1. Could you say whether any residue in segment 136-145 is modelled with pLDDT under 95, polar (S, T, N, Q) and surrounded by fewer than 18 Cβ atoms within 10 Å (Cβ to Cβ)?
2. Of everything in segment 249-276, what is in a strand (DSSP E or B) and within 14 Å of the chain's Cα centre (by Cα)? Give them in sequence order.
3. If Asp271 meets every condition in (1) of a type in the set (Asp, Glu); (2) at pLDDT 80 or above; (3) closer than 22 Å to Leu147 by Cα apart from one, which number is that one?
4. Could you list, in sequence order, the residues of segment 54-108 that are of a type in the set (Gly, Ala, Ser) and outside any loop (DSSP other than H, G, I, E, B)?
5. Which residue is modelled with the lowest pLDDT, if the candidates are limited to segment 31-42 and must be surrounded by 10 or more Cβ atoms within 10 Å (Cβ to Cβ) and not in a strand (DSSP E or B)?
6. All but one of (1) in contact with a strand residue (DSSP E or B) (Cβ under 8 Å, 6 or more places away or on another chain); (2) farther than 22 Å from Thr248 by Cα; (3) at pLDDT 90 or above hold for Pro60, so report the exception by its number.
7. Just to verify a result, which residue in segment 277-327, among those that are touching a helix residue (DSSP H, G or I) at 6+ places or on another chain (Cβ under 9 Å), at pLDDT 85 or above and of a type in the set (D, E, K, R), is surrounded by the fewest Cβ atoms within 10 Å (Cβ to Cβ)?
8. So, in segment 83-103, how many residues would count as being modelled with pLDDT under 95 and surrounded by 19 or more Cβ atoms within 10 Å (Cβ to Cβ)?
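The values are calculated or read from the model by the stated rules, or taken from the named source; none is laboratory data. The structure displayed is predicted, hence computed values, not measured ones. Here the Cβ positions follow ideal geometry from the backbone for every residue, glycine too, while neighbour counts run over all protein chains shown.
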Amino acid sequence: MPDHTPRPPLLIGEAHGRETVPLRNLPPGIIAVTLPRITKDGDDTIHVRVPRDHRRRVNPRQVDLVAAHPVSPYEPPATLTTRQLIKVLQTKSTKRWPTIQADLGDNAWQSVVDLIRCGAVVLRCDVVNATGYSPRSWTLTQSWAELAEDKLAEIQGRQHPEDLHRELLHIMSDIPQLAHEHALLANTPLGRILKIPEGTATRAEDWRVYEVAIRAAGIWWPAQGKPRKITAKELAGRSLRNTKSAWTPVRQQAFSNLIGIPFDQAVDKADTELRIRGPLQWRVGTVIADAGACHPWLALPARGVRTLGMISCDAQGIFLIENEDTFEQVCKISEIAGTWLCIWGKGYATDGLAEFLRSLDGLPLAAWGDLDAHGIGNLADRIGRPITPVAMTVDLYRGGTKYHQEPTKLEENRKLAARLAHKGVPVLRDLAEEIARTDGHGCEQETLYDEVLPTLLGLLEAVRRTVGA
């Protein structure tokens, strides 16, 4: 049966990849964590390392104070005045403690505590006498930083809202695909504050996000049919007159909702590392995203995973697919895409994907990867929860087409397969042993479509019955 259990807010949070530091007199709902050290491996996979001394002890000179629990992407403390909220959102990179005190006044410490608890800021502190702390500076959390520009525009308003209202109507007037949005905006009463039309396809809650989506669509639609696909930077430059204007996950999703196409398919050079198709709804920042209604899939940059809010998922299970082309083929099978949450995440490599999967740990998890040493190794090392492999058998490997590899690479893969034959995922040890026996040769999943795709639904049903039992 599908899992209808309400899910908590899905925010990875600023504590991901860090270690808690026990300090005295921390306010309730706040923890101290080590400072992150970001590294990349040879596959450009990002890792967050915990700093330790030569004895492997955590003994930091500085810590970050962060929320101890999942929080909404944007929910300012009720105690904050509008002026103070503007000061918070205007943080560019960091803001030092004396400036924070000047901005927030006599009640600065309590206001900062409220901001940490709601997931707005990370407060950096010096550690004093091993267990004490002294405030040093703050930064906005990733979710607040990505929403800051749009929220500031909403709070501060526009000097001439009637001119902006008229301008957006003009942008949409000659574009048939935006006729419905034009009618919605034309029928929205114009007051001192600009209102987002009820029923807008953007599903945006902030005027600036809605405006960005409309302006971008006004450039994008007329560009269709041309031989060259418009790039993400070009679209920002032509619609917003600024190529450096950020395509935040919120803006991407509002634009994609409006045109009905995933961002990474609509523009060239999009920074997308996660594609999802299936019965799941969530908030990307302050915009609703529907992984079941987005065709052919919902696309997010890796950083977008950190800005997710409340989610609702009716999937029977989660299905990870290693390769991009295979993901596209699976999405075309409606019986699978309508009941399973299908995910492509660049070979399972991102930390964000691992955290996303942990948040849905009540659902069976299946995966289809390449029949090679790295396909097996990814399942063993990078997810952090049990996975049932499908279509990764010795028989399929023996009958599959082996791809070309240089001799040195073959030897590396043979050694890796030999190790996995003893220490890897138990159900894949026979496959690992066969790969080692055949000198490390691998078989990519794209060459097995004829054998696997017709039976894939049955394989997933077997996983659901077995794991869900």
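1. Step one: filter segment 136-145 for residues modelled with pLDDT under 95, giving 141-145.
If we keep only those that are polar (S, T, N, Q) too, we end up with 141-143.
With surrounded by fewer than 18 Cβ atoms within 10 Å (Cβ to Cβ) added as a condition, the list becomes none.
Within segment 136-145 (the criterion being modelled with pLDDT under 95, polar (S, T, N, Q) and surrounded by fewer than 18 Cβ atoms within 10 Å (Cβ to Cβ)), the answer is no, since none of the residues qualifies.
2. To start, the set of residues in segment 249-276 that are in a strand (DSSP E or B) comprises 268, 274-276.
Across segment 249-276, the qualifying residues are Leu274, Arg275, Ile276.
3. Asp271 satisfies all of (1) of a type in the set (Asp, Glu); (2) at pLDDT 80 or above; (3) closer than 22 Å to Leu147 by Cα except (2).
4. Within segment 54-108, the subset of a type in the set (Gly, Ala, Ser) is 67-68, 72, 78, 93, 102, 105, 108.
Correct list: Ala67, Ala102, Gly105, Ala108.
5. In this case the residue turns out to be Pro36.
6. (3)
7. The qualifying residue surrounded by the fewest Cβ atoms within 10 Å (Cβ to Cβ) is Asp325.
8. 0
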